[in-house]
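Worksheet for the structure shown next.
The values are calculated or read from the model by the stated rules, or taken from the named source; none is laboratory data. A quick note: this is a predicted structure, and the numbers were derived from the prediction, not measured. Glycine also receives a Cβ, built like all others from the backbone with ideal geometry; neighbour counts cover every protein chain displayed. Heavy atoms of the whole protein, side chains included, go into the accessibility calculation; ligands, DNA and RNA do not. Shrake-Rupley method; radii C 1.70, N 1.55, O 1.52, S 1.80 Å.
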Amino acid sequence: FCSIIPFICSVIAIVILLFFTKGFLHPLLQIVQLMKEVQNGDLNVSFPDKRKDEIGCLGSSFNLMVLRINGMMEQN
């Protein structure tokens, strides 16, 4: 019985870690993918997530940057 409690705690910790990792890393990896698309010349991309945290702020800044680049390209 004493050896099963650490095992259960470990499984719970792993599940919690996976939950937070998915919630944090997935949007960041999505922004990285969008950056690669912009780097390859596709300026018709945007970060669709409307989060209210730092990742949402990063996504909004990315979208603004792409819009400004588009504006500059149209002026030239």
Quiz prompt | Odd one out for residue 22, checked against (1) open to solvent by less than 60 Å² (accessible area, probe 1.4 Å); (2) part of a helix (DSSP H, G or I); (3) modelled with pLDDT under 90 | solution = (1)
Quiz item: Name the pairs: first residue in the stretch 17-39 and among the hydrophobic types (A, V, I, L, M, F, W, C), second residue open to solvent by 50 Å² or more (accessible area, probe 1.4 Å), Cβ to Cβ under 7 Å, at least 6 apart or on different chains?
Solution: 31/58
Practice problem: Go through the residues of the stretch 31-46 one by one and say whether even a single one is surrounded by 13 or more Cβ atoms within 10 Å (Cβ to Cβ), out of contact with any helix residue (DSSP H, G or I) (no Cβ under 6 Å at 6 or more places or on another chain) and assigned to a loop (DSSP other than H, G, I, E, B). | Solution: no
Quiz item: For residue 49, all conditions in the list (1) surrounded by 10 or more Cβ atoms within 10 Å (Cβ to Cβ); (2) without any contact (Cβ under 8 Å) to a residue 24 or more places away in the chain; (3) out of contact with any Pro (no Cβ under 6 Å at 6 or more places or on another chain) hold save one; what is the number of the exception?
Solution: (3)
Practice problem: Taking residue 17 as the residue in question, decide whether it is loosely packed, with under 12 Cβ neighbours inside 10 Å, modelled with pLDDT of 90 or more and within 19 Å of the chain's Cα centre (by Cα). | Solution: yes
Self-check item: Identity of the residue in the stretch 57-76, without any contact (Cβ under 8 Å) to a residue 12 or more places away in the chain and either touching a helix residue (DSSP H, G or I) at 6+ places or on another chain (Cβ under 9 Å) or not in a helix (DSSP H, G or I) (or both), that ends up most open to solvent (accessible area, probe 1.4 Å)
Solution: 76
